[in-house]
Amino acid sequence: MAGFFNQFLKQIATGDEIHDWQHASRTFVDSLYRLSPKIGTVYHVFMDLNPVVSQVDQNEQIEIGMMAKSVALPRFSVTTKTYNAYNRKNIAQEKINYDPLSITFHDDSSDVVRNFWYGYYAYYYRDADHQETIYNQDHKYNKRQEQNWGFTPLSNNGTQNYINAIRIYSLHQKEFSSYTLIRPTITSFQHGQHTAGEYTPMEHTMTVAYEAVQYATGQVSNGTVIGFNTIHYDHSASPLTSLGGGTTSILGPGGLVEGAGDVITNLQNGNFIGAALGGFRTANNFKNTNLKTVAGAELVQLGKNILSGQNPLSTVFVPTAGSINQGIAKAVNGIPGGSIGTNMNSQNAQIPSSNQGTSFLP
């Protein structure tokens, strides 16, 4: 027993195997959580259907993506060939493959997802057009009652795609990272399964192949994430923001510094009413407040946090250089509300004007 404690004390003294949490904290908390991992439960999916061939209205088109229970992000595999150059291996790339991915939907009571699949199915395949009596007729040696069967798209030339794109958004810290699947084709669709004695929600599972992937990043505001915060959404402002009432802190969440930052952001986004309301509420919170006393108390608490090993940035709102530079760039370029973000491989990734939403920062 004595040997165990001696070894334990030796490890503490040398620090070879026992360390504190400051390395992880400085990695994932510093710089306003810049390197913190994204959370898999915060996402948005938008099914961009072709309005020429689809009869789905705009609200149901948004609701299809809202029913996405889980969605896999794109996966790639690269075909290579290995050559021998005097016994030295040389690997040459030949092509990239876009591996199919799966999306699982809730089987909703309004049949939004089921109707989406039926619209796709009825557009491409004629098997659902015929009455049940047609299938019961003997057709081997008789004249066909119907001529069109199987894959026969309704469009005249067969070139119209039912789904233009599937847009998957990873949401994180008021920003998005999007993956757009170009010209997706459903390769399998499976309805759920009924099981007696189980009370689990029903679901649909869909697998899609696609021809390319486009990437984009940006701030979540003014409809940059298509279909997000437009219907069935709680627009009530958080009490930790200036629009939700704010706090009497100076550096903390919802405080004076963050309130001023919200006003600047709303002005840049063209939300003048939000900027005026946020500024009024922030000023009202500090109407009868002694700023010197509040600042002194907060500085004392920050000092205690630092002495106890805590990262002060986890509880302090500090505008970053990136956000300031981005705001300046918007002002110089005259971009109201920001752009869709940085599209890395496409110059025509524009948001339809009909899908522009209200300003929102999650």
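Conditions tested, residue by residue: (1) of a type outside the set (Val, Ile, Thr); (2) surrounded by 14 or more Cβ atoms within 10 Å (Cβ to Cβ); (3) more than 30 Å from residue 225 (Cβ to Cβ); (4) in contact with a helix residue (DSSP H, G or I) (Cβ under 8 Å, 6 or more places away or on another chain).
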residue: 38; (1), (2), (3), (4): yes, no, no, no
residue: 41; (1), (2), (3), (4): no, no, no, no
residue: 55; (1), (2), (3), (4): yes, no, no, yes
residue: 58; (1), (2), (3), (4): yes, yes, no, yes
residue: 62; (1), (2), (3), (4): no, yes, no, no
residue: 77; (1), (2), (3), (4): yes, no, no, no
residue: 107; (1), (2), (3), (4): yes, yes, no, yes
residue: 121; (1), (2), (3), (4): yes, yes, no, yes
residue: 128; (1), (2), (3), (4): yes, no, yes, yes
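Scanning region 170-209 for residues that are free of Cβ contacts under 8 Å to residues at least 40 places away in the same chain and of a type outside the set (S, T, N, Q) gives 182, 183, 184, 194, 196, 197, 198, 199.
Assigned to a helix (DSSP H, G or I) and either at negative phi or modelled with pLDDT of 90 or more (or both) - does that describe any residue in region 38-47?
Filtering region 38-47 for residues assigned to a helix (DSSP H, G or I) gives none.
No - not one qualifying residue is present in region 38-47.
Got at least one residue in region 63-70 being in contact with a Gly (Cβ under 7 Å, 6 or more places away or on another chain) and not small (Gly, Ala, Ser)?
Here is the first cut: in region 63-70, the ones in contact with a Gly (Cβ under 7 Å, 6 or more places away or on another chain) are 65.
Retained after the next criterion (residues that are not small (Gly, Ala, Ser)): none.
Looking for residues that are in contact with a Gly (Cβ under 7 Å, 6 or more places away or on another chain) and not small (Gly, Ala, Ser), one finds none in region 63-70, hence no.
Could you go through region 103-120 and let me know if any residue there is under 30 Å from residue 212 (Cα atoms), among the polar types (S, T, N, Q) and in contact with an Asp or Glu (Cβ under 6 Å, 6 or more places away or on another chain). Yes - at least one qualifying residue is present in region 103-120. Taking the numbered list (1) out of contact with any Ser or Thr (no Cβ under 8 Å at 6 or more places or on another chain); (2) without any contact (Cβ under 8 Å) to a residue 24 or more places away in the chain in turn, residue 67 passes all entries but (2).
The values are calculated or read from the model by the stated rules, or taken from the named source; none is laboratory data. All values reported here derive from a predicted model rather than from experimental measurement. Virtual Cβ from ideal backbone geometry, glycine too; neighbours counted across all protein chains shown.
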